[in-house]
Amino acid sequence: MVQVFGINHVALDVNDLEKAIAFYTDILDVKIMKRMKNGAMLDLNGRFDFLALFEDPSINPDSPKDGHWGVVVDNLETVRKRAEKWNLTFYSGFECDFRDPFGYRLQVIRKADISKPPTPYGPEQTESARST
């Protein structure tokens, strides 16, 4: 038997490391836990979860990336207000889903909502509906 304890990290390639650090430290109020020449690790919760950012100048921020990642926060409204300052487009039908300045979709989830069972994508949703 194997027990999964959580997700240790999410790694994103970004075209501008300094902008990515500024963006995520601003909207999520996280701290830098490690800095490398072409990367950084941002502490998400003081335990073992972190966001790894790696600079790759070939990344096109205007090209949406496949998939998304989600984060649970205690104050969704504050995150949304901070994200709105970055002039991001939010997805309708979600409280706080948006594409970051690097093309990645971020789903911000209210802490109170994590006690609910996850809702799988229904058969009426197509692949293109999930990726927008």
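Among the residues of the stretch 17-41, just one is in a loop (DSSP other than H, G, I, E, B), charged (D, E, K, R) and in contact with a helix residue (DSSP H, G or I) (Cβ under 9 Å, 6 or more places away or on another chain), namely 29. Residue 95 meets all of the listed conditions (1) assigned to a helix (DSSP H, G or I); (2) free of Cβ contacts under 8 Å to residues at least 40 places away in the same chain but one, namely (1). Taking (1) under 21 Å from residue 8 (Cα atoms); (2) more than 11 Å from the chain's Cα centre (by Cα); (3) surrounded by 15 or more Cβ atoms within 10 Å (Cβ to Cβ) in turn, residue 74 satisfies each apart from (3). Checking each residue in the stretch 54-71 for being within 12 Å of the chain's Cα centre (by Cα) and loosely packed, with under 11 Cβ neighbours inside 10 Å picks out only 67. Of all residues in the stretch 99-116, those that are within 18 Å of residue 6 (Cα to Cα) have Cβ atoms under 7 Å from Cβ atoms of residues that are exposed (fewer than 11 other Cβ atoms within 10 Å of the Cβ) and at pLDDT 85 or above, 6 or more apart or on another chain, in 111/74. I need the full set of residues from the stretch 8-28 which are without any contact (Cβ under 8 Å) to a residue 24 or more places away in the chain and surrounded by 12 or more Cβ atoms within 10 Å (Cβ to Cβ), in order please. 22, 25 - these are the residues of the stretch 8-28 that are without any contact (Cβ under 8 Å) to a residue 24 or more places away in the chain and surrounded by 12 or more Cβ atoms within 10 Å (Cβ to Cβ). Among the residues making up the stretch 45-68, those that are closer than 19 Å to residue 86 by Cβ and of a type in the set (A, V, I, L, M, F, W, C) are 51, 53, 59.
Counting only residues that are among the aromatic types (Phe, Trp, Tyr) and either surrounded by 17 or more Cβ atoms within 10 Å (Cβ to Cβ) or at pLDDT 95 or above (or both), which one in the stretch 87-114 is farthest from residue 52 (Cα to Cα)?
Here the residue is 98.
Taking the criterion of being assigned to a loop (DSSP other than H, G, I, E, B) and either among the hydroxyl-bearing types (Ser, Thr, Tyr) or within 13 Å of residue 24 (Cβ to Cβ) (or both), the residues of the stretch 50-80 that qualify are 58, 63.
Would you check which residues across the stretch 29-65 are within 18 Å of residue 99 (Cβ to Cβ) and at pLDDT below 95 and list them?
Hits for the stretch 29-65 are 59, 60, 61, 62, 63, 64, 65.
Within the stretch 29-53, the residues that satisfy the criterion of being of a type in the set (A, V, I, L, M, F, W, C) and surrounded by fewer than 16 Cβ atoms within 10 Å (Cβ to Cβ) are 32, 33, 36, 48.
The values are calculated or read from the model by the stated rules, or taken from the named source; none is laboratory data. All figures in this text were calculated on a predicted structure; none of them were measured in a lab. No Cβ is skipped: glycine too gets one built from the backbone with ideal geometry, and neighbour counts run over all protein chains shown.
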